[in-house]
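Report on the following structure.
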Amino acid sequence: MALPKFLNPLKPLYWAFFGARQRKDYVPQAISVGIASLFGNRSMVKQTWEGEQTLSGAKDVAVLVTWDAGGRVHDFLLAHIKGLTDAGRAVIVVSNSPKCPEAEVAKALPHCALFAWRSNRGYDFGAYRDGLKLVPDYDALDSLIFINDSTYGPFQKLGPIIKKMKPSEADVWGLTESWDTRWHLQSYFLLFHRAALQHEGVRALWDDWKHVNSKSWIINKLEIGLTGRLTKAGLKCKAVWPYRPMVTGFCEDVRKHDLTNEESLAQQHRELLKFMCHLADHGAPMNPCHFFWDRLITDGFPYLKREVLTSNPIGMPRLYEWSDVISSASRYDTEMIVDHLRVIAKNRVI
């Protein structure tokens with residue numbers, strides 16, 4: 001799809017997003033799948049610690065996956081665990097980190113039911129699967145949340161949001177959805193209700209698991225492909241914040257207030273607004289967690305994707321106002337985010 005001339009400065013950004021689909025790495029994927037077959041479906045968990053919560057009799061569980069180069073349990077992660085616990089979830093924390101210091105694990109134990117350390121095979125989805133295998137009575141589950149630490153939050157109480165994820169409306173829920181490559185629920189937060197957990201196709205997914213160590217395979221087959229697989233199996237999938245109303249509302253606001261000609265906005269900002277409307281007009285998918293992060297938070301969305309701050313992939317102007325956006329919508333302590341960014345950010349001041 002050709003871009004208008006006035007958007008020439010944004011061409012590298014556009015192709016960084018949409019040109020990636022043209023890359024092919026079938027041979028490396030095949031090798032990774034072959035190696036995964038040698039490991040079989042055994043768990044990659046190396047060690048577990050019992051927390052002060054309990055999994056005994058748990059009907060609603062959350063598997064929270066984390067990774068940190070030093071195996072650190074940061075304050076923002078503790079706040080996330082507490083948010084899930086407050087929402088009535090028994091939390092299993094699964095660390096894919098290369099290190100797992102006992103002192104760091106000890107920080108999490110008062111707030112979770114179990115802490116597990118595993119070899120990072122299969123990335124987040126491998127950890128999701130190994131985490132659910134730690135549930136003592138899978139058949140007793142009414143719901144299971146898979147969630148990772150790629151977000152900051154929650155900025156709102158999760159209980160009321162989870163209540164919107166009614167089993168009568170959908171078997172599997174996400175917070176947001178994407179149409180990139182094909183329609184799918186975004187995998188940083190997925191809730192499976194009992195009908196999905198007990199579905200023979202879902203049970204076969206866990207039982208026939210392969211810890212494939214190929215990011216492209218994980219993205220294609222699971223992050224993007226899982227929703228289609230679930231839908232084909234007859235399960236209904238739905239997002240709390242659907243994509244199309246979000247984009248429609250955005251474009252209506254831009255045109256209603258003539259924001260692309262608003263002189264109080266920097267030229268870069270106006271060009272980005274034009275670019276986004278151009279993409280919407282042509283049906284080109286945008287990652288809602290990147291393009292609409294501020295709009296989502298204002299609407300009660302409980303998270304901010306970490307990569308928005310660590311890399312700003314779409315070149316969002318005035319990103320330095322992120323803490324003001326969060327503070328205007330919640331009482332979340334944004335200093336926890338700043339503390340984490342001080343540790344991980346490179347050549348960036350946020």
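The values are calculated or read from the model by the stated rules, or taken from the named source; none is laboratory data. Keep in mind it's a predicted model, so treat the numbers as computed, not measured. Note: ideal-geometry Cβ built from the backbone for every residue, glycine included; neighbour counts use all protein chains shown. Keep in mind that these areas ignore ligands, DNA and RNA; they rest on the heavy atoms of the full protein, side chains included. Shrake-Rupley method; radii C 1.70, N 1.55, O 1.52, S 1.80 Å.
Computed from Cα atoms, the angle from the helix 26-39 axis to the main principal axis of the chain rounds to 20 degrees. For the chain, the longest principal axis of the C-alpha atoms and the axis of helix 243-256 are separated by about 20°. Computed with every protein chain present, the accessible area of W241 is close to 30 Å² [probe 1.4 Å].
Please work out how much length the chain gains when fully extended from K99 to T231, using 0.36 nm per residue of separation minus the C-alpha to C-alpha distance, in nm with one decimal. Residue separation times 0.36 nm, minus the Cα-Cα distance, leaves 43.8 nm. Other residues within the sphere of radius under 11 Å centred on the Cβ of R270, judged by their own Cβ, net out at -3 (K and R +1, D and E -1).
Ordered by solvent-accessible area of protein heavy atoms (1.4 Å probe), largest first, the residues H211, H278 come out as H278, H211.
To the nearest ten degrees, helix 335-344 and the longest principal axis of the Cα atoms of the chain are 80 degrees apart.
Site pair T298 and R318 shows an inter-label distance of 0.9 nm when each label is modelled 7 Å from Cα along Cα→Cβ. Legend: calculated FRET efficiency, K46 to Q268, from the Cβ-Cβ distance at R0 = 45 Å, rounded to 0.05, equals 0.40. Amide H contacts under 5 Å for A239: G174, restricted to partners 5 or more places along the chain or on a different chain, H placed in the peptide plane at 1.01 Å from N. Taking a sphere under 13 Å around the Cβ of V308 and counting the other residues whose Cβ falls inside, with K and R at +1 and D and E at -1, yields a net charge of +2. Heavy-atom accessible surface of the chain, averaged per residue, reaches 47 Å², computed with a 1.4 Å probe. Taking a ≥ b ≥ c as the square roots of the eigenvalues of the alpha carbon gyration tensor, the stretch 294-350 is oblate, as a/c is not under 1.5 and a/b does not beat b/c. Here K82 is the anchor, and the lysines within straight C-alpha reach of less than 16 Å, apart from those fewer than 8 places off in the same chain, are K107, K157.
From helices alone, the chain scores -11000 deg cm²/dmol at 222 nm; the rule is -39500 (n - 2.57) for each run of n ≥ 4 DSSP H residues, then divide by the residue total.
The Cα atoms of the stretch 108-200 give a gyration tensor whose axes a ≥ b ≥ c have a/c under 1.5, which makes the shape rounded. Using a probe radius of 1.4 angstrom, the carbon and sulfur fraction of the accessible surface of the chain is 51%.
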